[in-house]
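FYI, it's all coordinate maths here, none of it is from the lab. Quick caveat: nothing in here was measured; it's all calculated off a predicted structure. Cβ coordinates were reconstructed from backbone atoms using ideal geometry, including for glycine residues, and neighbour counts include every protein chain displayed.
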Ligand code: ATP
């Protein structure tokens, strides 16, 4: 096992900077997820670690070894891709053994490794089948098996679950987490799916336009997004944003937007008064208040759509300034009528404030 380090790594294709000067330290045994929208540079980053692309500048280390210019086969890594092409004319056993035979491992060792991996993945009973006799999920496990038998120092995975249907994806996600707990090998995993990132990563790297936006544990990124992009990308439904201004009166900070005045309890603000700001509130942090509680510090909004999905209700409403606010409530209880004007509130600890121009978090 080994950690991986990127030092000032960039990749430029013609006019496109796919990855801009990136420093990243992936710890030994960590499950690190690179996440971001299409084209943000996550696959290129992974491919440079794999040796399938050469960095335009910077260096890559696996363990203490500088691997920037080493061939993929000399890096002691194993890759699992979205298209886990298995050899159709080979049985599962031979598909898994293929790479080891190429490396001329003794027959006994190959058998032991394939059996061990097949046990771990629950596919020991499938070793005699051909790929076409397997389900999509089973094929994906064979592809994982092919990587596991190599006993690599690092697993590199690029959207390995995206060809599976939704149910199987959730199931395989849990299996991958268990697999990582068991093998304790470093995993670098690429996905555009924030739920996969949140559930699988011991740490997450959020990327946009080739630039790392934030690195942290799922909890850090969810609770303290460093900018408005990260805030909007992580979390489902996404965070609500309301444009307004920040004012200071009698030593107190106020957020003001059309029809909204909120007194902020925070005293330290990384900005100055009378600035354009954006208030961020997660749908699950908002609750509907009524009666006496609704007098102060609430946002009044008109309900437009109510979606009941059994375990929760998603309410879409509009503020007096015509901005959409989504509220996530549990169960079917207290679902308001369409057209009703409701008052919603979030506790101070769940309010986020971003600079109106730069999008950087100011509180
Ligand atoms: P996706 O989720 O769509 O795979 P990604 O975040 O993995 O996206 P990359 O595949 O790393 O993004 O691509 C980053 C940028 O680099 C994109 O603008 C892409 O068009 C460009 N790019 C990637 N590979 C090449 C290449 N071989 N030649 C030219 N441009 C490329």
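Remarks
- Tail weight of P(r) past 23 Å, computed on alpha-carbon pairs of the range 240-355, percent: 28 percent
- Theoretical ellipticity at 222 nm over the chain - DSSP helices of four or more residues, -39500 (n - 2.57) apiece, nearest 500: -7000 deg cm²/dmol
- Contour excess over end-to-end distance, with Cα ends at residue 124 and residue 270 and 0.36 nm allotted per residue: 46.8 nm
- The order of the peptides 216-227, 191-202, 164-175, 145-156 by mean Cβ neighbours within 10 Å, most packed first, is 145-156, 191-202, 216-227, 164-175.
- For the chain, the alpha-carbon coordinates run over 78, 46, 34 Å along the three principal axes, in decreasing order.
- Gap separating the Cα centres of the range 66-131 and the range 185-255, nearest whole Å: 37 Å
- Most simply put, the chain has about 75% antiparallel DSSP beta bridges, counting only bridges with both residues inside it.
- Pairwise FRET efficiency - residue 135 versus residue 261, Cβ, R0 = 51 Å, nearest 0.05: 0.35
- Nearest-ten-degree value, helix 166-183 long axis tilted from longest Cα axis of the chain: 70 degrees
- Note that the range 160-264 carries a Kirkwood radius of 16.4 Å, evaluated over its alpha carbons pair by pair.
- Each peptide in 56-62, 3-9 receives the mean, over its residues, of other Cβ atoms within 10 Å, and ordering these scores from highest gives 3-9, 56-62.
- Part-to-part distance (alpha-carbon centres) for the range 1-27 and the range 45-63, which is given in Å: 7 Å
- Distance histogram for the range 1-65 (every C-alpha pair counted, 10 angstrom bins, percent rounded to whole numbers): 22, 56, 20, 2
- All alpha carbon pair distances within the range 31-178 were sorted into 5 Å bins beginning at 0; the resulting P(r) in whole percents reads 2, 9, 17, 20, 20, 15, 11, 5, 1, 0.
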